[in-house]
Amino acid sequence: MSQSTQDALKIASHRLNQRLQVPTQAAQYANTEAQLDNLTAQAQNWLTKAGHHPDAARSAETFTAFTDPKVLSTWLTQHDTQHIETDVSNQYVSNPHAGETIKAHRLALADLGLCAFEGNILRDPTELSGAKSMSHRKRHILVRLAFLRAAFHALGITHIPLYRVIYSDAPLTPPRPTGFVSATFSQSVALRFLKQGQAKRHAALYWQQVPVTRVFMTHLEAPQMRSLYNEHEALLLSTPAGPLF
């Protein structure tokens, strides 16, 4: 490699390896929650009119709003966000830390006032342009959250029990503002993860009742979370100090 190429790479690395912090703003959050209230009411009405009613068991595993993938895709298509859904869900289940797709969505969360952003700057500007623009990403987040809030509301569910396992050779620390947090509905899956962490110096299994208002994506309605893995996963919005995860 020539010296000029090495110098150019060093310059590019320095330019792109910049940290960025985007705190949440109370006014943004209030506006977002107002939009979510409106969209959730729309989603509730839409599910009812489309004939999606929970059965007597009131179980998410049998509710067509979850079991029929066409329900969510139709809702997202009506709001011109199905392409974002495909991109984000595929990237998340394959490798959420690779590429810039999830980072761009984390920036959208911060712009909505939902979760602060802390990390490196976005390196690929195309992730926030055209059909992937910030407005498209924010709309996807809003209509997806509204859909799940409406579906769980139809079941009479306000909180869901979730597990999360963390392990490290370094002492465990409080959650960082990562935008999204992964958890599982399944105790057996959590115990499997805990066993995987036995070689580490520190490990913990957490359980808590999580409000459905934090739930962004689950294995129930996202086929990508079932096609490659079967971890009964729930993807949550990060929240500041207080909860275990």
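Laid out as a table, the results:
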{"item": "Qualifying residues in region 69-105 (those that are outside any helix (DSSP H, G or I) and more than 20 Å from PHE147 (Cβ to Cβ)) - the one nearest to the chain's Cα centre (by Cα)", "result": "PRO96"}
{"item": "Some residue of region 179-201 being assigned to a loop (DSSP other than H, G, I, E, B), within 18 Å of the chain's Cα centre (by Cα) and at pLDDT below 95", "result": "yes"}
{"item": "Some residue of region 53-62 being hydrophobic (A, V, I, L, M, F, W, C) and within 15 Å of PRO223 (Cα to Cα)", "result": "yes"}
{"item": "Residues located in region 111-127, provided they are among the hydrophobic types (A, V, I, L, M, F, W, C) and either within 13 Å of the chain's Cα centre (by Cα) or surrounded by fewer than 19 Cβ atoms within 10 Å (Cβ to Cβ) (or both)", "result": "LEU114, CYS115, ILE121, LEU122"}
{"item": "Residues within region 72-81 that are without any contact (Cβ under 8 Å) to a residue 60 or more places away in the chain and open to solvent by less than 70 Å² (accessible area, probe 1.4 Å), tallied", "result": "2"}
{"item": "Pairs where the first residue, in region 108-129, is within 17 Å of ALA146 (Cα to Cα) and the second is open to solvent by less than 10 Å² (accessible area, probe 1.4 Å) and in a loop (DSSP other than H, G, I, E, B), C-beta under 6 Å, 6+ apart", "result": "LEU109/CYS115; LEU109/GLY179; CYS115/GLY179"}
{"item": "Some residue of region 116-127 being touching a Gly at 6+ places or on another chain (Cβ under 9 Å), under 17 Å from THR24 (Cβ atoms) and hydrophobic (A, V, I, L, M, F, W, C)", "result": "yes"}
{"item": "Within region 128-149, considering residues that are aliphatic (A, V, I, L, M) and closer than 21 Å to LEU235 by Cα, the one most open to solvent (accessible area, probe 1.4 Å)", "result": "MET134"}
{"item": "Pairs where the first residue, in region 208-231, is closer than 14 Å to VAL93 by Cβ and the second is of a type in the set (S, T, N, Q), C-beta under 6 Å, 6+ apart", "result": "ALA222/SER89; GLN224/SER89; GLN224/ASN90; GLU231/THR184"}
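The values are calculated or read from the model by the stated rules, or taken from the named source; none is laboratory data. Note that the structure is a prediction, hence the values are computed from the model and not measured. For neighbour counting, all protein chains shown are included, and Cβ atoms are generated from backbone atoms with ideal geometry for every residue, glycine included. Surface accessibility is based on the protein's heavy atoms, side chains included, excluding ligands, DNA and RNA. Shrake-Rupley method; radii C 1.70, N 1.55, O 1.52, S 1.80 Å.
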